[in-house]
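Inspection log for the structure reproduced underneath, given as structure tokens.
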Amino acid sequence: MTLSGRVALVTGASQGIGRTCALRLAKDGAAVAVAARNQDKLNELVSEIVAAGGKAAAFALDVSDEEQVKSTLKSAIAQFGKIDILVNNAGITRDQLVMRMKRADWDAVLQTNLTSAYLCIQQVIGSMLKQRWGRIINITSVFGQMGQAGQANYSASKAGLIGLTMAIAREVGSRNITCNAVAPGFIETAMTAVLSDEFKQNAAKQIPLGRVGSPEDVASAVAFLASDDASYITGHVLNVNGGMLMG
Ligand code: NAI
């Protein structure tokens, strides 16, 4: 129970990596505020955590809506008394070659993947500064590190998260708050389920460990960065990519 006494908030927790992170943080002893748009899925997740002896509450939240971010995070802090660990996980893709990319798809991806992280950090940072302990973990992507054709918006948003991570790490390090990023490679979730089998088989061939990753692989990295074992790690990008990108 490395996280007992801690309170975590995970965005985009209704499915995939976010859901698995919430389950893992709860298993490690944290009370978890789970936030996403789909209240039914969140309620199911809360029941699962509570049935396993954990503590959780659901918060309906569209992270692309600034007012909702402000009011929902305030409600979560009011309910739990604090947020020690923030996992900025919510993310979308709107893929298209840049020549044809609509401005609306650029804006939606930047708003959901990057601006939301800045907004959530702003809401939790005050109480983290006061208590002189905090963990901020941003879920970026291997494509924020190496780019991907057809994903100019997504790659820019994920590269932006890495810059945000390092800036925040420098700003709040003196107050014992760490800010790190986790960069997954190819993870089996709804986001990658839309890709063809052929694409997935080819992608797996480029991965030295020879398999796509699971949400659990990512959740383990998040749980480590949230724990006291990672207290001297900040501004770091932790690759969870099976060796797809090294260095
Ligand atoms: P997913 O599509 O299963 O999950 C995305 C989550 O974000 C969902 O819970 C969704 O409801 C939530 N979300 C999307 N827009 C939202 C909004 N406006 N407000 C609140 N919640 C919103 O995908 P997955 O794979 O679990 O993705 C999680 C994170 O991991 C994303 O940031 C994604 O970019 C990142 N990632 C995923 C990889 C993969 O191969 N699956 C690889 C690298 C990064």
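When A22, A13, A33 are checked against the criterion of being away from the ligand (no atom under 11 Å from the Cβ) and not polar (S, T, N, Q), a single residue qualifies: A33.
Pick out the one residue from A108, A90 that is closer than 20 Å to V32 by Cβ, in contact (Cβ under 8 Å) with a residue 40 or more places away in the chain and out of contact with any Pro (no Cβ under 6 Å at 6 or more places or on another chain).
Details: A108 fails: closer than 20 Å to V32 by Cβ.
When all the criteria are applied, what remains is A90.
Evaluating V98 against the criteria (1) away from the ligand (no atom under 15 Å from the Cβ); (2) closer than 19 Å to L225 by Cβ leaves one unmet condition, (2).
Pick out, from the range 1-93, the helices (runs of 4 or more DSSP H) lying fully within it that include 3 or more residues that are among the hydroxyl-bearing types (S, T, Y).
In the range 1-93, the matching helices (runs of 4 or more DSSP H) lie at 66-80.
Considered as a group, the residues in the range 174-195 that are out of contact with any Gly (no Cβ under 8 Å at 6 or more places or on another chain) and surrounded by fewer than 20 Cβ atoms within 10 Å (Cβ to Cβ) include one that is nearest to S155 (Cα to Cα), and that residue is T192. Scan the range 64-72 and give yes if some residue there is touching a Pro at 6+ places or on another chain (Cβ under 6 Å) and farther than 22 Å from L164 by Cβ, otherwise no. There is no residue in the range 64-72 that is touching a Pro at 6+ places or on another chain (Cβ under 6 Å) and farther than 22 Å from L164 by Cβ. When K41 is tested against (1) surrounded by fewer than 20 Cβ atoms within 10 Å (Cβ to Cβ); (2) free of Cβ contacts under 8 Å to residues at least 24 places away in the same chain; (3) closer than 25 Å to D217 by Cβ; (4) within 16 Å of the ligand (Cβ to nearest atom), only condition (2) is not met.
For the range 116-150, how many residues meet the condition of being part of a helix (DSSP H, G or I) and free of Cβ contacts under 8 Å to residues at least 24 places away in the same chain? Result for the range 116-150: 4. As a summary of the residue check, R170 satisfies the conditions (1) closer than 21 Å to V10 by Cα; (2) assigned to a helix (DSSP H, G or I) except for the one numbered (1). Scanning the range 177-198 for residues that are touching a helix residue (DSSP H, G or I) at 6+ places or on another chain (Cβ under 9 Å), more than 16 Å from I121 (Cβ to Cβ) and more than 8 Å from the ligand (Cβ to nearest atom) yields one hit, L195. Can you find a residue that is under 19 Å from the mean Cα position of the chain (by Cα) and either polar (S, T, N, Q) or buried (at least 17 other Cβ atoms within 10 Å of the Cβ) (or both) anywhere in the range 198-206? No, the range 198-206 has no match at all.
Read-outs throughout are calculated quantities, based only on the coordinates presented, and are distinct from any laboratory measurement. Since we're looking at a predicted model, the values are computed, not measured. All Cβ positions, glycine included, derive from the backbone under ideal geometry; neighbour counts span all protein chains shown.
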